[in-house]
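Working notes for the structure below.
The values are calculated or read from the model by the stated rules, or taken from the named source; none is laboratory data. Small disclaimer: the values here were computed from a predicted structure and weren't measured. Glycine gets a Cβ as well: all are built from the backbone with ideal geometry, and neighbour counts include every protein chain shown. Ligands, DNA and RNA are stripped out before the accessible areas are found, and what is left, the full protein with its side chains, is counted by its heavy atoms. Shrake-Rupley method; radii C 1.70, N 1.55, O 1.52, S 1.80 Å.
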Amino acid sequence: MVRFIDLTLNGISTGAVYAAVALALVMIWRATRIVNFAQGAMLMITTFIASSVIGSTGSYWLGFAVALASGLLLGAIVERVLIRRIEGGPPLNAVIVALGLLILLEAAAGMIWGNTPRSFPPAFSIRGYDVGGTHLLFAPNDTFTVLVVFAVAAGLGLLFRRTRLGLQMRAAALAPEVARLLGVRVGRMFTLGWAFAAFAGSLAGLLVAPSVFVGPNQFDSILIFGFTAAVLGGLDSPAGAIVGGVVLGLVLSYVSGYESASLVTLAALVVLIAVLMIRPGGLFSTTRERRV
Amino acid sequence: MTTDRHKARAMGIAGALVAALAVAGCGSSSSSNAPGVTATSITFGTHQPLTGPAAPGYSEIAPASQAFFDYLNAQGGIYGRKIHLVIKNDEYNPTQTVSVVHELVLKDNVFGIFEGLGTPTHTKVVGFLNSSKVPDMFVASGCACWDDGTTQPETFGWQPNYTIEGKILGQYIKQHFAGKKVGVFYQDDDFGTGGLAGIKDELPASSIVSTQPYQPGVTNVAPQITALKAAGAEVLVDFTVPIYTALGQLTSFTLGYKPQLVVSNVGIDPITVGGLLKTFSKGKAGTELIEGAITDGYLPSSSDESNPWIALFKKIHDQYDASAPFDGNVEYGMANAYTLAQALQLAGKDLTRQKLIDAVNEKGAQLNGPGLVPYRYSTSDHGGYAGVEMGQVRSGKIVLFGGPLVTEPTASSPITAYTTAQPAPPASGVSVP
Amino acid sequence: MSTSAGAEPSSAPNRGWRLRAPAGTLTRSLGLVALAGVIFLAASEGLGSYEDLQLASGAYYFVALAGLTVLTGLSGQISLGHGALMAVGAYTFTLLVGDEHWALIPALAAAVLVSALVGALVGSAATRLRGPYLAGATLALAVGLPALADKYTGTFGGANGLTINPPTPPSWLGQSFPLERWEAWIAGAGALVVVFLMHNLAHGGVGRAFRAVRDDEIASSLCGLHVGRVQTLAFVISAACAGLGGGLLAVVLQLAAPGAFGLGLSLSLLTAIVLGGLGSQLGAIWGAGVLVLLPGWTDSIAHSFSLSTQVSANLPLAIYGLVLIVAMLAWPTGIQGALRRIIAAARRSLVHGGHSDEGIVPSSPGEL
């Protein structure tokens, strides 16, 4: 029973991180209809920047703030310089550009900061909560992670549903020509979308870095599971990203704990296929297939 | 179907041919008696994970070997020949390993391969190197795969076999933690399984309460650590690489789980592991979480500045490899390079590939150097170092104690003490029997 | 994420002297195979052993790419998981040759069959998925399927994988026939078979069905095409090619290990078909060339400067990433698309003496 609780808690805390990455992917998809395979590399860069700032100034929250700011900037720059040129072209080309960016960023990080992973401080204590003498596998830092992820998801949901800006962004993504006719600055909406997404990604990086260490390749598996979680939940839904992330985190934790760690990636595959067979657009998909 | 497309197609195929020929260069290599060696130089090649998930730590090894060769070359080399090391990146991908090793042998005409790193990678080129009669010196892996000198005459191991290490650690646990429950956290490949086999060889099955393998690449190890805690393991044996030693310790910290750690020498380097745990120890060295861990070593502790070999290696590091931290990986690279230089010295001035192999077969077991234990080299046994000395992490540094112990990797072969002292390093060059 | 290069017929009238192209897809395919075979043979004879190995690698990559470009280019279904299908072929081959001592060709055929079966499974599941959801599912496949090797270490050899003995050249080729050239011939033979089959397919009814379903599912189902079956067939065919590619990889490298079939391979395959030119067999050749030659070129560039190890080890990858980005921005239709434009422009200036037509007329994809 204790084991089950531990694994459940572990699933929630790891799932929250997948959800954070999934939120960033959902953001970009809703805003620009592109899947950003370079998301993991972008958040790796901002986390490295944070690590350097923390290392030289000693202040965690300054590094935190710098990471978020550099995330906004990086997202905006990538959109403006790279993605702008391929928007409207074959979608596969956007995938290749994102992959190229992923490789370039990881190699650049290796050149600048080296290949040796480095330690990253957590925002709060990682000593598990003391319940009747035993420590749970859930610490104050995990609570912080879960709260932040929920806040970001809620923020994104509010942004898209309730604000004019969100409406403009959705319009720019789904019907750019019509949106332009109606006065929406489509280009600016795309840039904003990428900036916000990179912001969410930086947050994910800061939250997960303590437990995976900061290195050019350390975030790869987080991106893969984050993408899986996003697809699982439905790429159009921030709520789906949360649910997808938690579901995935729980399943992987149980499989790793009760079966073996070697089945984890296979379990992710099985869960994803199982869900997609029932709902091809993810758990929270809203559009139904038109069957003729 | 129009002719334009036909022409385009033909031009395309011709273009492909041109591109292929452009790579051809000067064509095939000449099969000389001793490729890669001239009167003034000798060239070895190696395959290393310089980038990618396996790079941390390991990427320091080959440059450190190169630094040692630079030191020797500054003194004139071996028999007047300067040693060059061509380092190629295989990103720990066996497909690339095959490609770069073929390139090194067929195109770069190296004399031999040295310090090829990794078991899943190097096992894919052993067949090629042996059938092409290319010396495959001192593989950087503790797998038992390199032991058989009869079927793989060109291939030599160097570091102690994982099972040897497991046995010696197991014996220590049996003697000093008798009756305690033992758990094993190990990497799910032959590094971990080899070490586990050694542990199981020494410890009674009833005392091992849980064995939990982890997958490199899956960073969430909490399910495994919680299983070990749930089983009540009081002694935790880690056959882990440094990242996973650190990950295991982080989870243990969260759980308030403080077993006695026994860690393989592969995953204990305090500088590496401490660096990964630095920010959890409130700015201290970061080795708090591994303080008191039992481990072992076959080379002097890299923090033991009073040891003359460490002093020598540090001097070489500061001059030729200063950008890397001076840690266990750098020491490994230099010690292995020293062994290659010794082998070249033994092989004689009139150097051929077969003479290098014969030299190690015949006199390798008598070699001594920075190692604390002897080699097992013979015509049939190409295994490498025969044992380790026990050690412990004290004040963030590894301190060895108890004297070197040697054994064979076979089940129930005895563990005996090795009493010959480590020689002093030569003032210059290398010393051979 | 369906791709749709416009399927506009080439309308420029042909003037001037030209070769009479043989009529009939089958004859053209055979002629093509003969031409390619002769060139391949000549290349393998003229090159050294290491370059023969590279030629062999190019051949097995081409085999996998030829199928993938049909799936993604002609049939419009993205797959990020073809590395896993290559793994299926490679493991099948090594298990049969290593443990059961099968001969080369039956083992390769079995590899094709098993991969085709897996492709049928994946494909039928994929018919319900579109765009990024298909991408996500195939990505999970790429990451999850090779994990079977880690789980069942007894059969699949775990992290180390399996090794087999190299194929021995037949005695009538001579004692000193280089092993690498023999491997290149085997792989080349496989590539030629694939060239023949894929060329026929792309220009035949099946190819038309793929394109029809890609461009408009509703219209094609109105015409009597069963959309799901057509899409699954595309998956099966591309999986068979990937399986053959994997089997040939096992022949050439004598290995099957999970580290060789990671996500990076699947992504490289996708990158290669887009860089080479989506939907086109020649594009698959260019893509295979990029996969084999680009790492060596970036490596040479990186080592021509004397840089610290940290920089020089990462520089080749940085250049590779940069090349991908620049190539996609500059030549969105890939190498084959760019070549087509160049040739069309050159032809126009030759035929029309410098007068330019209204614009470049794109030819339909799927041609060779």
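Values computed for the structure shown
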{"read-out": "CD proxy at 222 nm, helix term only [per DSSP H run n ≥ 4: -39500 (n - 2.57); per residue of chain B; nearest 500]", "value": "-11500 deg cm²/dmol"}
{"read-out": "Accessible surface, chain C, averaged per residue in Å² (probe 1.4 Å)", "value": "39"}
{"read-out": "Simple Cβ-charge dipole of chain B, Lys/Arg +1 and Asp/Glu -1, about Cα centre, in debye nearest 20", "value": "480"}
{"read-out": "Student exercise, the range C:15-262 dipole from Lys, Arg, Asp, Glu Cβ charges, in Debye to nearest 20", "value": "980"}
{"read-out": "For chain B: relative contact order, % (alpha-carbon pairs under 8 angstrom, 6 or more apart)", "value": "16"}
{"read-out": "When the convex hull of its Cα atoms is projected in every direction, mean area for the range B:153-300 (nm²)", "value": "9.5"}
{"read-out": "For chain C, calculated [θ]222 nm from helices alone, where every DSSP H run of n ≥ 4 adds -39500 (n - 2.57)", "value": "-22500 deg cm²/dmol"}
{"read-out": "Qualifying lysines (Cα of each under 28 Å from Cα of B:Lys82; at least 8 residues distant if same chain)", "value": "B:Lys107, B:Lys133, B:Lys314, B:Lys315, B:Lys349, B:Lys355, B:Lys363"}
{"read-out": "Principal semi-axes in Å for the range C:56-95 [√(5λ), Cα gyration tensor, largest first]", "value": "20, 13, 7"}
{"read-out": "Förster radius 45 Å - calculated FRET efficiency between A:Thr134 and C:Leu35, Cβ distance, rounded to 0.05", "value": "0.05"}
{"read-out": "Fraction of accessible area attributable to carbon and sulfur, the range C:15-262 (%, probe 1.4 Å)", "value": "66"}
{"read-out": "³J(HN,Hα), Karplus 6.51/-1.76/1.60, whole Hz, each residue of the range A:90-102, x for Gly, Pro", "value": "x, x, 5, 5, 4, 4, 5, 4, 4, 5, x, 5, 4"}
{"read-out": "Distance histogram for the protein assembly as shown (every C-alpha pair counted, 20 angstrom bins, percent rounded to whole numbers)", "value": "12, 43, 35, 9, 0"}
{"read-out": "Normalised alpha carbon radius of gyration of the range C:15-262 [divisor 2.2 N^0.38 Å]", "value": "1.08"}
{"read-out": "Among C:Ala260, C:Met86, C:Thr127 the positive-end extreme of the charge dipole of the range C:15-262 (Cβ point charges)", "value": "C:Thr127"}
{"read-out": "Size of the range C:243-352 as Cα extents on the principal axes (Å, biggest first)", "value": "54, 40, 20"}
{"read-out": "Whole-Å semi-axes of the range B:123-189's equivalent ellipsoid (Cα gyration tensor)", "value": "34, 12, 8"}
{"read-out": "Charge dipole (debye, nearest 20) of chain A; +1 at Cβ of Lys and Arg, -1 at Cβ of Asp and Glu", "value": "1100"}
{"read-out": "In nm, spacing of pseudo-spin labels at B:Ala231 and A:Leu158 (7 Å Cα→C-beta vector)", "value": "4.8"}
{"read-out": "Neighbouring partner chain Cβ atoms per residue of A:212-219, average, 10 Å criterion", "value": "5"}
{"read-out": "Placed amide H near B:Asn307: partners under 5 Å, 5+ positions off or other chain", "value": "none"}
{"read-out": "Solvent-accessible area buried by pairing C with A, both sides, nearest 100 square angstrom, 1.4 angstrom probe", "value": "4100"}
{"read-out": "Per residue solvent-accessible surface (Å²) - the range A:127-269, probe of 1.4 Å", "value": "36"}
{"read-out": "Accessible area buried, both sides summed, chains B and A with 1.4 Å probe, Å²", "value": "2700"}
{"read-out": "Length-normalised contact order of the range C:15-262 in % [C-alpha pairs under 8 Å, at least 6 apart]", "value": "42"}
{"read-out": "Shape box of the range A:9-58 [Cα atoms, principal axes, largest first, Å]", "value": "38, 32, 14"}
{"read-out": "Stokes-Einstein D (µm²/s) once Rh is taken as the Kirkwood radius of the range C:93-151 over alpha-carbon pairs, at 20 °C in 1.002 mPa s", "value": "162"}
{"read-out": "Buried solvent-accessible surface, both chains (C, B), 1.4 Å probe, Å² to nearest 100", "value": "4100"}
{"read-out": "List of the range B:84-133 residues, accessible area with partners at least 50 Å² below that of the chain alone (1.4 Å probe)", "value": "B:Thr95, B:Leu106, B:Lys124"}
{"read-out": "Nitroxide proxy distance, nm - points 7 Å out along Cα→Cβ at C:Ala42 and C:Ser176", "value": "2.5"}
{"read-out": "Alpha-carbon centroids, the range B:32-100 and the range B:303-382: separation in whole Å", "value": "14"}
{"read-out": "Range of Cα positions in chain A per principal axis (Å), largest first", "value": "65, 53, 34"}
{"read-out": "Other protein chain Cβ atoms within 10 Å, averaged over every residue that makes up C:145-153", "value": "6"}
{"read-out": "Exercise: per-residue mean of other protein chain Cβ atoms within 10 Å, A:220-233", "value": "4"}
{"read-out": "Pairwise label distance in nanometres, B:Ser431 with C:Ser124, each label 7 Å out on the Cα-Cβ vector", "value": "7.4"}
{"read-out": "Amide H contacts under 5 Å for B:Asp148, placed H, 5+ residues apart", "value": "B:His382"}
{"read-out": "Residues listed by number, the range C:67-95, amide nitrogen under 19 Å from C:Arg229 label point at 7 Å toward C-beta", "value": "C:75"}
{"read-out": "Solvent-accessible heavy-atom area per residue, rounded to whole Å², over chain B at 1.4 Å", "value": "33"}
{"read-out": "Threshold 30 Å² - residues in the range A:94-109 whose accessible area is reduced by that much or more when the chain is no longer isolated, probe 1.4 Å", "value": "A:Val95, A:Ile96, A:Val97, A:Leu99, A:Gly100, A:Ile103, A:Leu104, A:Ala107"}
{"read-out": "Per-pair calculated FRET efficiency, R0 = 35 Å: A:Val178 and C:Ser221 via Cβ, rounded to 0.05", "value": "0.75"}
{"read-out": "Residues whose placed amide H lies under 5 Å from that of B:Ile78, excluding near-sequence neighbours", "value": "B:Ile83"}
